[in-house]
1. Has the range 70-90 got any residue that is open to solvent by less than 90 Å² (accessible area, probe 1.4 Å) and modelled with pLDDT under 70?
2. Inspect all residues belonging to the range 297-305 and state whether any of them is more than 30 Å from GLY221 (Cα to Cα) and not in a helix (DSSP H, G or I).
3. Checking the condition under 30 Å from GLY183 (Cα atoms) and in contact (Cβ under 8 Å) with a residue 24 or more places away in the chain, which residue from LEU317, LEU350, LEU303, LEU336 passes?
4. Exactly one of (1) assigned to a helix (DSSP H, G or I); (2) closer than 30 Å to ASP9 by Cβ; (3) modelled with pLDDT of 90 or more is unmet by PRO342. Its number?
5. Among the residues of the range 283-305, write down those that are open to solvent by 40 Å² or more (accessible area, probe 1.4 Å) and among the hydroxyl-bearing types (Ser, Thr, Tyr).
6. Identify the single condition in (1) at pLDDT below 90; (2) within 17 Å of LEU267 (Cβ to Cβ) that ALA348 does not satisfy, given that it satisfies every other one.
7. Look at the range 192-228 and say how many of its residues are within 30 Å of THR253 (Cβ to Cβ) and either of a type outside the set (Gly, Ala, Ser) or in contact with a Lys or Arg (Cβ under 8 Å, 6 or more places away or on another chain) (or both).
8. Could we say that LEU263 is farther than 30 Å from ASN340 by Cα and aliphatic (A, V, I, L, M) here?
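The values are calculated or read from the model by the stated rules, or taken from the named source; none is laboratory data. Just so we're clear, the structure is a prediction, and the values are computed from it rather than from any experiment. Here the Cβ positions follow ideal geometry from the backbone for every residue, glycine too, while neighbour counts run over all protein chains shown. Protein only, heavy atoms only, side chains kept; ligands, DNA and RNA dropped before computing areas. Shrake-Rupley method; radii C 1.70, N 1.55, O 1.52, S 1.80 Å.
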Amino acid sequence: MNSEITDVDRYEQTVSPLARDPAVRKVVIDRVTDGLVKKIDVHRVSRALADTLADRDAPRFLVDTARSLDDQLKAGVTTGVRFAVGKVVTSDAFAKAWDSVNRGAHTVATNVLTGEGGGALEIKGDTLTLNVGPVAEEVQRQLIGATLVKAEDIPGADRSIVLARNDNLGAARDGARWLGVVGPWLPLTVVLLGGLGIWVAPSRRVALMAGGIGTGLMMCGLLVGLAVSRQIYLDAVTPAAQSRDAAAAVYDTLVRFLREAALTALLAALFVVSAGYLYGPGRGATAVRSAAAHGTATAGHALARRGVRTGAAGQWLRTHRAATTAVVVGAGGLVLFLWNYPTTTTVAVLALLVVVVLVILGILAAAGAAADASEESDQRLSGEARPRCPSRLRPRPRRPPARSTSAASEQPQVPQFLVQVRPRVPGGGRGAGELGGRVG
């Protein structure tokens, strides 16, 4: 309502198709033709023709025939007028004139309701007045220039003429003013309250889905209400087929932007609910996320094999994937909110762009991870980074070979204490040496 009242371009776009609708054109042609033919006195024309023939001494039967040509003459005049009117109504000039007239009428109505623009029509309380000040000023200039009267004898230029009185005029003007003030802020209020409710909810994902479902249900209710109102409106139209078709075309044309806005909001709500579900723990959501991650990883590895290096950007995208996803989704929502008059096509294209951007970022992050893994592998193979050997592959210390059983048996077995302790013989002579040798 706010756009229809305050935006003259939007209003012109709304009513412009009516001048090009076949049903509306046919009704206009019929009404204009009937109005013109009614103003033509066919009987007077036939009587004048008969009098003319009589004055020319025409045969009697010709004069009588001319007097009885009312119906035929009316039919001929109607055909000619219809052809001329149809040629005008179906021309581009008529469509342009239609747009110009509706634009001027909208400007006047807006000035009347809002009190802006300094128009000649004004609402003062419950009266619709015509300001004749500009006319009085021109009259002053003309009269003073002609020196017919003195300037002080001319009425002031602030006079106005009351055209109509209606108790609802003041309410209509107040409503238009409130609509102009509140209308632009209502969408922002809805978004802020919805965002606040989602923020304080125990489960934000569930709250987001609930908001989307509620919005979708409201839009479905609005669409059903428009359909019911259309049927009620058509039932009140005269039963003539042409008038009914034209009335249907008028209704559909005037509410098409409202219907399109409801469909746009419904589609946006469906996308919101779908996004909330895909981020949930459901089996289907998990499968979709796994498939998307596998696809982006495969594409990223393919880019890495072709020599694509993302460097620090890929590392940053990999570590800040949640933040980048939130930024991209938020940017898409902000663009949709700031769009003047979004359509279903706008919502679909924005959603597709968001998905494409997220896929590209995921591929770049996967390509960076694959490139880093490939570089580490190359460093290990080139020896730049010494690999760590597992404990099971470390060389064990070599042990002396074990003696055979036969060789061990040939050697005399000496007690250990005799090997470590040598007895000392007093005197230390030859006997001691012999004893030590024997013991040894």
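1. Yes, because at least one residue in the range 70-90 is open to solvent by less than 90 Å² (accessible area, probe 1.4 Å) and modelled with pLDDT under 70.
2. So in the range 297-305, the residues more than 30 Å from GLY221 (Cα to Cα) come out as 297-305.
Filter again for not in a helix (DSSP H, G or I), leaving none.
Looking through the range 297-305, none of the residues is more than 30 Å from GLY221 (Cα to Cα) and not in a helix (DSSP H, G or I).
3. Numbers: LEU317 fails: under 30 Å from GLY183 (Cα atoms); LEU350 fails: in contact (Cβ under 8 Å) with a residue 24 or more places away in the chain; LEU303 fails: under 30 Å from GLY183 (Cα atoms).
Step by step, each of LEU317, LEU350, LEU303, LEU336 is checked, and only LEU336 is under 30 Å from GLY183 (Cα atoms) and in contact (Cβ under 8 Å) with a residue 24 or more places away in the chain.
4. The one condition PRO342 does not meet is (1).
5. Our first condition is that a residue be open to solvent by 40 Å² or more (accessible area, probe 1.4 Å); within the range 283-305, this holds for 283, 286-294, 298, 301, 303, 305.
Within the range 283-305, THR286, SER290, THR298 meet the criteria.
6. Of the numbered conditions (1) at pLDDT below 90; (2) within 17 Å of LEU267 (Cβ to Cβ), the odd one out for ALA348 is (1).
7. Summing the residues that are within 30 Å of THR253 (Cβ to Cβ) and either of a type outside the set (Gly, Ala, Ser) or in contact with a Lys or Arg (Cβ under 8 Å, 6 or more places away or on another chain) (or both) in the range 192-228 gives 10.
8. Working: farther than 30 Å from ASN340 by Cα: no; aliphatic (A, V, I, L, M): yes.
No.
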